[in-house]
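Chemist: Let me give you the structure first, and then I'll get to my questions.
The values are calculated or read from the model by the stated rules, or taken from the named source; none is laboratory data. Just so it is clear, the model here is predicted, and its values are computed rather than measured. Note that each Cβ is placed from the backbone with ideal geometry, even for glycine, and that neighbours are counted across all protein chains shown. These accessible areas exclude ligands, DNA and RNA; they are computed on the full protein's heavy atoms, side chains included. Shrake-Rupley method; radii C 1.70, N 1.55, O 1.52, S 1.80 Å.
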Amino acid sequence: MSSLRARSLIIAVVLLGFSLRVYDLQAMPLRGDEAFSVLYWADLPVVESLSQIAPGEPHTPLVYALARLWRHFIGGIDSVFALRYLSVLGNILGLPAIFALGWRLTGRARVGLLAALTWALHPFEIWHSQEFRNYGYWAGMSVTALWLGLRLIESRRLSDWLAYACVAVFSTLTIYTEPFTTLAFACFAVYEWRRDLRSLRRLLLLQAGIGLLLIAGFVAVQVLPGFAASYPGLAPAFAPSDYITRFLPALVFGTSVPLDQTHMGIVLSLALATAGLAVWRSSKRQFRFIALTGALPLLLLGLVSSRYNLFHPRYVLSAVPAFLLAIALGSHAIAGAARRFLGLNQGLGALLILSPWLAVALVTLNAYYHDPAYRRAPAWDELGSFLSSRVDEKDLVIQLAVDPAFGYYYRAPAPEMALPVHSTQPAEEIASALEGLRGSYDSVYVVAREQAGWANAGVVDGWMQDHLQQVMRTDASGLPIRQFMEWTVDDAWGTERTVFEGLVALVSYEFFEEPLPTGELLLWVYWKPLAKTASRLKSFVHVYGDMNPRAGTNLWTQDDQFPQRGRLNSTTWDAGQVFRDVYYLPTESMTPGEYQLRVGWYYPDRGQRLLQVDGSDVFALDTFHYAQQMDFER
């Protein structure tokens with residue numbers, strides 16, 4: 001392949017990889033860890049983040065400094081696109097680097113192109129390049145260090161020493177697990193330079209010096225404050241079987257692959273073994289490089305994870321180039337062996353052999369971008385927007401998830417708090433805190449849900465249901481939202497709007513014309529019982545408009561219920577005590593237009609409605625314009 005053609009193709013592949021990394025970059029809300037990075041890495045001065053945040057989070061000092069520098073460069077933290085662009089730029093550098101690495105390792109540009117294509121489409125790399133964390137740009141710099149290291153082994157020029165030293169320093173100081181890959185490369189260099197002890201000694205001293213810098217930062221930031229001795233790790237505990245069932249699928253395809261992980265892990269093990277055998281037969285040197293840089297980081301992470309719970313594929317993203325090179329090299333070697341039988345061009349043959357990987361990668365990317373089941377974070381942006389449109393300083397928002405992403409998106413004036421504070425907070429302490437807040441706010445919003453496995457899950461919701469009236473329930477793309485108010489209602493409306501047969505009076509109402517996120521219209525009606533009844537009464541709210549083609553009447557939607565969903569009974573209620581009823585009016589079938597709310601009461605046992613003084617059995621409560629076009633066929 002000519003140099004010009006190779007450069008043209010790699011530019012096209014780089015543009016493809018870049019496009020996939022910026023596609024919908026701002027559309028997905030920040031996840032918890034990402035929002036934490038924005039709020040406590042980027043938005044805090046470095047001195048504060050290193051003294052207050054870094055002692056409790058196992059990341060290197062360089063990460064905090066770089067996040068803060070990027071925040072100044074983009075002018076703030078308001079743009080999710082701009083924040084994530086740092087990871088995009090850092091990760092996309094890995095694409096030309098793995099191209100150059102594959103080319104230098106094999107002497108064939110087409111192998112580098114195959115490796116670059118897999119990097120461009122790699123769902124796990126794209127996933128991490130679309131978040132404001134250090135993993136995305138670390139992966140790009142790590143593979144760049146491998147390429148520069150391989151070039152150094154082959155040339156030994158001063159410029160190669162300087163280039164490798166600079167990139168190796170940056171990549172090593174970016175994350176505490178990069179030394180796993182550095183050690184793997186050192187093992188490869190030991191064999192390559194076994195007859196050049198001077199160069200080998202120089203390389204090992206350089207790597208040791210970089211390691212000392214990393215250790216110095218770790219001691220200053222994490223060890224001296226006592227964090228390192230108490231940190232248990234937050235990833236799943238070490239299990240050797242996870243190498244097959246979790247690590248291989250993630251490192252080869254990503255975490256959003258819509259296939260059975262166990263079966264996929266077995267298939268990938270066989271495929272990689274076949275590719276490794278093909279590479280071994282083609283070049284022992286290539287096999288050593290791939291085996292060391294791919295397997296050693298995983299084994300070392302497993303060793304560390306026997307002490308700390310850190311067994312997660314993201315901590316060995318630096319091993320991805322080895323897997324991609326194994327796939328590219330193996331496909332090329334197998335295609336070369338088959339060429340004598342099939343007469344197919346080796347490059348096209350390699351691409352054909354690689355096609356199953358490409359197909360699964362595209363399916364995985366589609367799931368990542370478009371399947372709600374694989375969304376990376378709850379809809380914190382939708383939740384924040386909804387609350388901003390409803391709450392004021394007289395309300396309180398309780399967030400159950402203790403998730404930093406809520407703090408990023410919440411901009412409303414109402415005070416907010418996280419409760420439970422942690423997973424083991426006693427139920428009695430939570431109840432005491434809620435009782436202490438009672439009466440201080442007009443209403444309380446309880447949003448999200450506790451993290452999975454929390455022992456005190458449901459305590460807040462249970463207390464609210466037992467002590468307050470739920471006056472609104474909805475959700476923002478799966479994030480629950482509940483609003484609570486006191487059961488007791490002050491009778492401050494004065495004149496009664498209408499009376500139904502001397503039994504119950506309508507005194508006021510609150511109608512929310514903007515549909516809830518779940519597509520319902522919310523209505524609060526305040527009723528005053530005037531006398532007890534012989535049998536139970538039921539109220540209704542009907543919405544009328546133009547002719548409804550489905551129903552053949554003017555009725556479009558309704559909600560009928562016993563007083564307070566059965567909590568009150570008209571045969572026993574207290575006369576004169578105003579109460580609030582909450583109605584939810586579905587809008588699935590409604591089309592844009594003018595509508596009227598009508599309310600009334602009836603005896604459900606005989607279908608008889610109560611009459612007003614004028615003899616009518618409904619009261620026209622309000623008129624409104626509904627503008628949201630719904631899917632009529634749904």
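Chemist: Taking R0 as 45 Å, what's the FRET efficiency between A338 and C187 from their Cβ-Cβ distance, rounded to 0.05?
Modeler: With R0 = 45 Å, the Cβ-Cβ based efficiency is 0.85.
Chemist: So how tilted is helix 94-106 from the main axis of the chain? Cα-based, degrees 0 to 90, rounded to 10.
Modeler: Roughly 30 degrees, rounded to the nearest 10.
Chemist: Let me ask something additional. Across the Cα atoms of the range 498-634, what radius of gyration and what greatest pairwise Cα-Cα distance (Dmax) are found, in Å?
Modeler: 15.4, 46
Chemist: If one takes the longest principal axis of the Cα atoms in the chain, at what angle in degrees, from 0 to 90 and to the nearest 10, does the Cα axis of helix 109-121 lie?
Modeler: 20
Chemist: Okay, next question. Where only protein heavy atoms count, and the probe is 1.4 Å, what is the accessible area per residue for the chain in Å²? Let's see the in-between values first.
Modeler: Working: 27370 Å² over 634 residues.
Per residue, the chain has an accessible area of 43 Å².
Chemist: Roughly what would the spin-label model give for R202 and L162, points 7 Å off Cα along C-beta, in nm?
Modeler: Computed distance between label sites R202 and L162 equals 1.4 nm.
Chemist: Another question, if that's okay. Identify the residues of the range 280-312 with backbone N under 14 Å of a label point that sits 7 angstrom from the Cα of R195 along the Cα-to-Cβ direction, or state none.
Modeler: Within reach of a label on R195, which here means backbone N under 14 Å from a point 7 Å along Cα→Cβ, the range 280-312 contributes nothing.
Chemist: Next question, about the same structure. Using a simple charge model, +1 on the beta-carbon of Lys and Arg, -1 on the beta-carbon of Asp and Glu, nothing else, what dipole does the chain show about its Cα centre, in debye to the nearest 20? Could the numbers behind the result be given before it?
Modeler: Numbers: 50 positive and 54 negative charges, 1003 e Å.
Once rounded to the nearest 20, the dipole reads 4820 debye.
Chemist: Over all directions, how big on average is the projection of the convex hull of the alpha-carbon atoms in the range 427-524, in square nanometres?
Modeler: Details: hull surface 34.3 nm².
With the hull built on Cα positions only, its mean projection is 8.6 nm².
Chemist: Still on this structure, I have one more. I need the calculated FRET efficiency for the pair T495 and E588, taking r as the beta carbon distance and R₀ as 51 Å, to the nearest 0.05. Display every interim value, and only then the final one.
Modeler: Values: r = 36 Å, r/R0 = 0.72.
Step by step, r from the Cβ atoms, then E = 0.90.
Chemist: What percent antiparallel are the DSSP beta bridges of the chain, to the nearest 5?
Modeler: Numbers: 53 of 61 bridges.
The antiparallel proportion sits near 85 percent.
Chemist: Also: Report the Stokes-Einstein translational diffusion coefficient (µm² s⁻¹, integer) for the range 34-159, Rh taken as the Kirkwood radius over Cα pairs, at 20 °C with viscosity 1.002 mPa s. Walk me through the numbers on the way to the answer.
Modeler: Details: Rh = 15.8 Å.
Translational D for this selection: 136 µm²/s.
Chemist: Hey, which aspartates and glutamates would be in cross-link range of K394, C-alpha to C-alpha under 12 Å, not counting anything within fewer than 8 residues on its own chain?
Modeler: Excluding near neighbours in sequence, the set is E416, D442.
Chemist: Let me know the charge dipole size of the range 96-224 about its Cα centre in debye, to the nearest 20, where only the beta-carbon of Lys, Arg (+1) and Asp, Glu (-1) is charged.
Modeler: Dipole size: approximately 540 debye.
Chemist: Which is farthest toward the positive dipole end of the range 1-84 among Y64, A82, Y40, measuring Cα position about the Cα centre, with Cβ charges +1 (Lys, Arg) and -1 (Asp, Glu)?
Modeler: Of the listed residues, the answer is A82.
Chemist: Also, I was wondering about something else. Packing-wise, with mean Cβ within 10 Å as the measure, how do 314-323, 437-446, 361-370, 549-558 rank, highest first?
Modeler: In decreasing order of mean packing, 314-323, 437-446, 361-370, 549-558 become 314-323, 361-370, 437-446, 549-558.
Chemist: Starting from the Cα of K538, draw a straight line to each of the lysines and keep only those under 25 Å, dropping any in the same chain fewer than 8 residues away.
Modeler: K528
Chemist: Mind sorting out which of (i) 123, 61, 46; (ii) 72, 61, 54; (iii) 106, 62, 43 is the real Cα extents along the principal axes in Å computed from the coordinates?
Modeler: (iii)
Chemist: Right, something else. Let me know the charge dipole size of the range 543-634 about its Cα centre in debye, to the nearest 20, where only the beta-carbon of Lys, Arg (+1) and Asp, Glu (-1) is charged.
Modeler: Working: 8 positive and 13 negative charges, 53 e Å.
Dipole of the range 543-634, to the nearest 20 debye: 260 debye.
Chemist: Farthest toward the dipole's positive end in the range 234-365, which of L259, L248, A328, given Cβ charges of +1 (Lys, Arg) and -1 (Asp, Glu) about the Cα centre?
Modeler: So the residue we want is A328.
Chemist: With unit charges on the beta carbon (Lys/Arg positive, Asp/Glu negative), name the residue among W280, S385, L148 whose Cα is farthest towards the positive pole of the charge dipole of the chain.
Modeler: Looking along the dipole axis, the top candidate is W280.
Chemist: Still on this structure, I have one more. Calculate, for H467 and I266, the FRET efficiency according to 1/(1 + (r/R0)^6) with r their C-beta to C-beta distance and R0 45 Å; round to the nearest 0.05.
Modeler: Working: r = 53 Å, r/R0 = 1.18.
The pair H467/I266 has a calculated efficiency of 0.25.
Chemist: Okay, moving on. In Å, what is the Rg of the alpha-carbon atoms in the range 302-438, and how long is Dmax?
Modeler: According to the Cα coordinates of the range 302-438, Rg and Dmax are 26.0, 82 Å.
Chemist: Using Cα pairs under 8 angstrom and six or more residues apart, how large is the relative contact order of the chain, in percent?
Modeler: 9
Chemist: Another question, then. Can you compute the helix-only [θ] at 222 nm over the chain? Use -39500 (n - 2.57) per DSSP H run of at least 4 residues, normalise by all residues, nearest 500 deg cm²/dmol.
Modeler: Value at 222 nm, helices only, nearest 500: -15000 deg cm²/dmol.
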